[in-house]
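Below: one structure, written as structure tokens.
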Amino acid sequence: MIELKDIGITFHAGTPDENIALKNINLKINQGDFITVIGSNGAGKSTLYNIIAGTLMPTKGQIFLEQKAEDGSIISKDITGDAEYKRAAYIGRIFQNPLLGTAGKMSLEDNMMICSKKGWHGLKISLNKKKRDEFKEHLKALDMGLEERLNDNVELLSGGQRQALTLLMAVLSKPAILLLDEHTAALDPANAALIMRLTKQFAEEYNLTVMMITHNMQQALDYGNRLLMMDDGEIILDIGGEEKKNLTLEDLAERFRQIKNHSMTSDKIVLQ
């Protein structure tokens, strides 16, 4: 559904500060994939997300998005040069900071209205009883009582409530892919567990395609159908299917150790 071909990006090329942040990334993200992404700081995880979202443009390589044509056929569109604001129409992203996904000075219902309309046009005219009832039904899924707080400004909500609202809004916008960038890392354990439960629930209910960066190795094993490990700007492990289901923390640590020990002779290991 989304394919990255030979993607690379170099910062400050030709200077003493040259940094090759991504090296020859080849990745196919299939419809319905839930991919967990792990790797140490500086491994290239966020840079990969920025490339997919259009925040950064690759130095080399191409990005393709499969879309359905009017006749029902599937076409592959080159989106490599599309700006971030264009990709925002079909790529959702949730960050670690719960404050980034919502407009705090606006009411909960207005936040949801912007999400449903992808912009401001007709905001107040369209915000009728039918729409409010629809919002209430969606908010009930969060089990936080937010369906009774439509007129409250979002800044009055807790961090966990705001992140849950951000997740719901992202889901309702029906993205081609949802990028989760450590979206539970800033939450307390109870709220983090709640957001993960909702993430799994929404991914299954709406057949979402999801990529989730996490530093929690147990989360990486427990969620999703694929696991990517990144190191030094490369994808060094891509594990899916039954192999991922049977993977343990000890297995993961051992594979990383083996790859690091043989990094001078092995470009990439793919296990699926």
If you go through region 5-14, how many residues are crowded, with 16+ Cβ neighbours inside 10 Å and within 21 Å of residue 238 (Cα to Cα)?
4
Within region 89-104, can one find any residue that is at positive phi, open to solvent by 70 Å² or more (accessible area, probe 1.4 Å) and within 21 Å of the chain's Cα centre (by Cα)?
no
Give the residues of region 189-244 that are assigned to a helix (DSSP H, G or I), charged (D, E, K, R) and open to solvent by 60 Å² or more (accessible area, probe 1.4 Å), sorted by residue number.
197, 200, 204, 205, 222, 242, 243
Output the helices (runs of 4 or more DSSP H) that fall wholly within region 68-168 and possess 1 or more residues being among the aromatic types (Phe, Trp, Tyr), or say none.
84-87, 129-140
Looking at (1) of a type in the set (S, T, N, Q); (2) out of contact with any strand residue (DSSP E or B) (no Cβ under 7 Å at 6 or more places or on another chain); (3) in contact (Cβ under 8 Å) with a residue 12 or more places away in the chain, which is the only condition residue 73 fails?
(3)
Looking only at region 169-181, filter to residues that are outside any helix (DSSP H, G or I) and in contact with a Phe, Trp or Tyr (Cβ under 8 Å, 6 or more places away or on another chain); which one of those is farthest from residue 45 (Cα to Cα)?
174
Please list, ordered by first then second residue, the pairs with beta carbon atoms under 6 Å, 6 or more apart or interchain, first in region 197-223 and farther than 16 Å from residue 252 by Cα, second hydroxyl-bearing (Ser, Thr, Tyr).
212/36
Quick one: what pairs do we get from region 15-33, first residue β-branched (Val, Ile, Thr) and surrounded by 13 or more Cβ atoms within 10 Å (Cβ to Cβ), second in a loop (DSSP other than H, G, I, E, B) and modelled with pLDDT under 95, C-beta under 7 Å, 6+ apart or different chains?
29/1
Checked 13, 21, 43 against criteria (in contact with a helix residue (DSSP H, G or I) (Cβ under 8 Å, 6 or more places away or on another chain) and small (Gly, Ala, Ser)); the one match is 21
Spot the failing condition for residue 225; the list is (1) in contact with a Ser or Thr (Cβ under 8 Å, 6 or more places away or on another chain); (2) modelled with pLDDT of 95 or more, and only one is missed.
(1)
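The values are calculated or read from the model by the stated rules, or taken from the named source; none is laboratory data. Remember, it's a predicted structure, so these values are computed and weren't measured experimentally. A quick note on method: Cβ atoms are made from the backbone with ideal geometry, for glycine too, and the neighbour counts reach across all protein chains shown. Please note that ligands, DNA and RNA were not included when accessible areas were found on the heavy atoms of the full protein model with its side chains. Shrake-Rupley method; radii C 1.70, N 1.55, O 1.52, S 1.80 Å.
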